[in-house]
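Student: Take a look at the following structure, please.
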Amino acid sequence: MVSQERVYPDSTVDTREEWGANYKILNSTHFAWGRETKNGEEVLAGGGRYEYHPERNIYVEHIEYHSSPGFQDVTLRFEAKVKGDRWIHVGDLGSYKLREVWERVDPQEAEQETVANSPVGNDDR
């Protein structure tokens, strides 16, 4: 994730400083995402089915599981667009709009970075 903001009628809150790495994985029908706080004390994760309608700039998540039970079985609708390797979506989430920018990650580069930063030795690779 490149950025995430909560947009209220009278203010905008940038949440990047609260969280560490944040990843979303999509296949042709489902998504999963996870992140943890920078201090490692809290982890959030969820996933489910999604619909993407690029011709209408609409992305819809049907959340089937979530670490916060209040989000389970919730459907979220976003205005969405892709610009190069960036995916931008904005949608209503209760009292605010959630604005997120995600960036496509090269799977091979991500694996190399994970192995290089792993506290476990990589001698058996």
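Just so it is clear, none of the values below were taken in a lab; they were calculated from the coordinates. Only a predicted model underlies this, so the values are computations on that prediction, with no experimental measurement involved. Backbone-built Cβ (ideal geometry, glycine too); neighbour counts: all protein chains shown.
Student: Do any strands (runs of 3 or more DSSP E) lying entirely in the range 8-89 carry at least 3 residues that are hydrophobic (A, V, I, L, M, F, W, C) and out of contact with any Lys or Arg (no Cβ under 6 Å at 6 or more places or on another chain), and which ones are they?
Tutor: 19-26, 75-83
Student: Kindly provide the set of residues from the range 1-28 that are surrounded by 11 or more Cβ atoms within 10 Å (Cβ to Cβ) and charged (D, E, K, R), ordered by number.
Tutor: Selection gives Glu5, Arg6, Asp14, Arg16, Glu18, Lys24.
Student: Just name the residue that is surrounded by the most Cβ atoms within 10 Å (Cβ to Cβ) out of those in the range 30-48 that are more than 12 Å from the chain's Cα centre (by Cα) and under 18 Å from His89 (Cα atoms).
Tutor: Restricting to residues being more than 12 Å from the chain's Cα centre (by Cα) and under 18 Å from His89 (Cα atoms), the top hit is Gly48.
Student: Criterion first (within 15 Å of the chain's Cα centre (by Cα), free of Cβ contacts under 8 Å to residues at least 40 places away in the same chain and loosely packed, with under 15 Cβ neighbours inside 10 Å) does Ala80 satisfy it?
Tutor: Against the criterion (within 15 Å of the chain's Cα centre (by Cα), free of Cβ contacts under 8 Å to residues at least 40 places away in the same chain and loosely packed, with under 15 Cβ neighbours inside 10 Å), Ala80 does not qualify.
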